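These notes are about the structure you will find just below.
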Amino acid sequence: MDCGVQASDRAAQTVAIIITEAPQVIRSPGDVGHLAGFFTGRLTDWPAVRGALSGCLALLSLPASSGGELAAGDGAPPPAAPAALNSADAIHMMSTFADHVFVRSLGQQDRCLAFNLLTRGLEAHGQALLDSHQVDVLELVIASLDGEKDPRALLLGLRCVRTAVALYVRQPNTSLHSQRLEDAAEELFDVVAAYFPVSFTPPPNNPHRITRAQLAEELEATLAATPRFADNLLQLLLDKLGASLR
């Protein structure tokens, strides 16, 4: 990577850390909008994508408010609440992410960032994103998780699937969003079911403390995330049981 690009990416990561650790430095919606435009634009700059992912995640994670109560004996005014990312900027950010960031081609650390970003975006702005019709959320989740092999990224990816499914399950049964979940359910199930049963042996030192039981719990919760998985789940269990008896 070019030295200038490296320095720029490190600078973006530093700004992301500041936003995360001290969100009160962002004092106005204009500040948020300026930073959102900067980090969203960087999502298209492949060599510097880590800083962009970090910054976008930091903005999506901004609390709606902070402070508000005085500490005992403290006469100073409470700290100002940081401005939050608005839905229009979040939609632009998420659609740029969908168009320009191919999660499966990223390194492990960046894939983890990407899953966290996607999950947080769906938690905070999922309904607005669906209603914008700018991103096929289920297609994005499927493409991002399919074939994931790192246990740390897999945990985050499974949580991302559940977040996406929960968003669609909340939609009215007669809505296009509900029909989209119906149409994508089998493909999404197949991507998740590929990990059943969990085959994972932690390394001897296990620095990340991820266990097979933890992965199995996350997988089971994801396979049970929607009744639309029920038929496929029953068939999967019957197939696995039959194989074990042969």
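What the table shows:
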item: Selection count, segment 25-41, where residues are within 10 Å of Leu85 (Cβ to Cβ) and either in a helix (DSSP H, G or I) or modelled with pLDDT of 95 or more (or both); result: 5
item: Selected residue (criterion: modelled with the lowest pLDDT) from residues of segment 42-62 that are within 16 Å of Arg10 (Cα to Cα) and small (Gly, Ala, Ser); result: Ala48
item: Close pairs from segment 95-109: first under 19 Å from Leu138 (Cα atoms), partner of a type in the set (S, T, N, Q) and open to solvent by 50 Å² or more (accessible area, probe 1.4 Å), Cβ under 7 Å, at least 6 apart; result: Ser95/Gln134; Thr96/Thr44; His100/Thr44
item: Among residues of segment 151-178, those that are among the β-branched types (Val, Ile, Thr) and open to solvent by less than 10 Å² (accessible area, probe 1.4 Å), counted; result: 2
item: Hey, Gln127 polar (S, T, N, Q) and assigned to a helix (DSSP H, G or I) or not; result: yes
item: Whichever residue in segment 13-31 is open to solvent by 80 Å² or more (accessible area, probe 1.4 Å) and under 20 Å from the mean Cα position of the chain (by Cα) and, among such residues, is farthest from Gly55 (Cα to Cα); result: Glu21
item: Single residue of Leu181, Leu188 found to be over 24 Å from Lys149 (Cα atoms), at pLDDT 95 or above and within 19 Å of the chain's Cα centre (by Cα); result: Leu181
item: Enumeration of residues in segment 122-136 that are touching a Leu at 6+ places or on another chain (Cβ under 9 Å) and within 20 Å of Ser105 (Cβ to Cβ); result: Val135
item: Qualifying residue in segment 189-202 (condition: under 24 Å from Ser132 (Cα atoms) and crowded, with 19+ Cβ neighbours inside 10 Å); result: no
item: Residues that are open to solvent by less than 20 Å² (accessible area, probe 1.4 Å) and either among the β-branched types (Val, Ile, Thr) or within 20 Å of Leu43 (Cα to Cα) (or both), drawn from segment 120-130; result: Gly121, Leu122, Gly126, Leu129
item: Subset of segment 126-138 (residues that are out of contact with any Asp or Glu (no Cβ under 9 Å at 6 or more places or on another chain) and touching a residue at least 12 places away in the same chain (Cβ under 8 Å)); result: Gly126, Gln127, Ala128, Leu129, Leu130, Ser132, Gln134, Asp136, Val137
item: Any hit, segment 131-138, residues being closer than 21 Å to Gly37 by Cα and open to solvent by less than 30 Å² (accessible area, probe 1.4 Å); result: yes
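The values are calculated or read from the model by the stated rules, or taken from the named source; none is laboratory data. Just so it is clear, the model here is predicted, and its values are computed rather than measured. Positions of Cβ are backbone-derived with ideal geometry, glycine not excepted, and every protein chain shown enters the neighbour counts. SASA here: full protein model, heavy atoms, side chains in, ligands and nucleic acids out. Shrake-Rupley method; radii C 1.70, N 1.55, O 1.52, S 1.80 Å.
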